Amino acid sequence: SRGINAEYGDCVFVAMSEIQRFNPDSLVTKSPYHIPGYGGYIPQRKYMIGGTFSKTTHEILTDAKLGSGNFVLQKIEPVKEKIPREKSYLIPGYTGYIPKGEHWFALPYVTACSYAKGDHRDAMSHQAAERTRMAVERGKAVPMTPFRRSTEPYVSKRPSRSTSTGLDYHISGYTGFLPMSRNKISMGYPSMTKQAIADYREKEREEAAMKNLPFQLERSTRKPEISRIVYPKTSGMVPHYTGHIPGEKFKYGDTFGISTNAALKTMYAASATE
């Protein structure tokens, strides 16, 4: 009979009242929830396991004890469409520069150009008003008269350093350029800078002394001797030599060493007869 489970052999009969109907809404997670791939912070997320990402985030967002109750994604109010004040006559495909055009996007080309034209007109009007205001203020300003016709040369109150006082060096931490200090090694920084400055001033004195000395340019007429022999006289060239060998391209049927040796002998014999 209905409402009673009955078992006959291997068959089990279940009452119709115990069978639950399939609910399609059970496959869809109720809002609010985060979609898979959301990378923001979710409190207590790592301690909740066994559920899908959407259902887990739904439980966290709806539990007042876990969060502040404020959703990360607020409702987005639709932006009211603005009517452009200027009319643009540019057609799509124009590749020239449009002032203020980089601030308008996701709009038809003509509409974006109209908005950009209006913004540019406003900016130019604002600049003209500022120029007028500055001209008026410049006319009202009292002219400034100098107290002195010429300024006096600046003289430092700090005593100048000299080599005789022994203070001509830089302390550790100085990051400026120090001439002739690159070859100073294995020395303390103050000692190194002192030696470098002394060498630099010595070089300056030598250059100043040589500045007024007479000089004469001499150019040697002797030709430099070539000590390196390119083509040997008693043997051929080493294999894989890629330079030019006079007459070698006319030699066939021999190894590289034999053909180059014969070519060089011919070259030296021809140069000896000349």
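So the values come out like this:
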| item | result |
| --- | --- |
| Unmet criterion (only one of (1) under 30 Å from D199 (Cα atoms); (2) over 40 Å from the mean Cα position of the chain (by Cα); (3) at pLDDT 75 or above; (4) open to solvent by 100 Å² or more (accessible area, probe 1.4 Å)) for D168 | (4) |
| Residue count for region 180-194, restricted to those that are open to solvent by 40 Å² or more (accessible area, probe 1.4 Å), within 16 Å of D168 (Cα to Cα) and under 37 Å from the mean Cα position of the chain (by Cα) | 2 |
| Looking only at region 218-268, and only at residues there that are basic (K, R) and in contact with a Lys or Arg (Cβ under 9 Å, 6 or more places away or on another chain), the one that is least open to solvent (accessible area, probe 1.4 Å) | K265 |
| Residue pairs meeting the criteria (Cβ under 6 Å; at least 6 apart or on separate chains; first aliphatic (A, V, I, L, M), in region 202-213; second surrounded by 10 or more Cβ atoms within 10 Å (Cβ to Cβ) and not in a helix (DSSP H, G or I)) | none |
| Subset of region 113-123 that is open to solvent by less than 90 Å² (accessible area, probe 1.4 Å) and of a type outside the set (D, E) - its residue that is farthest from E86 (Cα to Cα) | A123 |
| Condition check for R133: open to solvent by 100 Å² or more (accessible area, probe 1.4 Å) and modelled with pLDDT of 85 or more | yes |
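The values are calculated or read from the model by the stated rules, or taken from the named source; none is laboratory data. What you are looking at is a predicted structure, and each value in this text was computed from that prediction instead of being measured. In this analysis, Cβ positions are derived from the backbone assuming ideal geometry, glycine residues included, and neighbour counts consider all displayed protein chains. Side chains included, ligands, DNA and RNA excluded: accessible areas come from the protein's heavy atoms. Shrake-Rupley method; radii C 1.70, N 1.55, O 1.52, S 1.80 Å.
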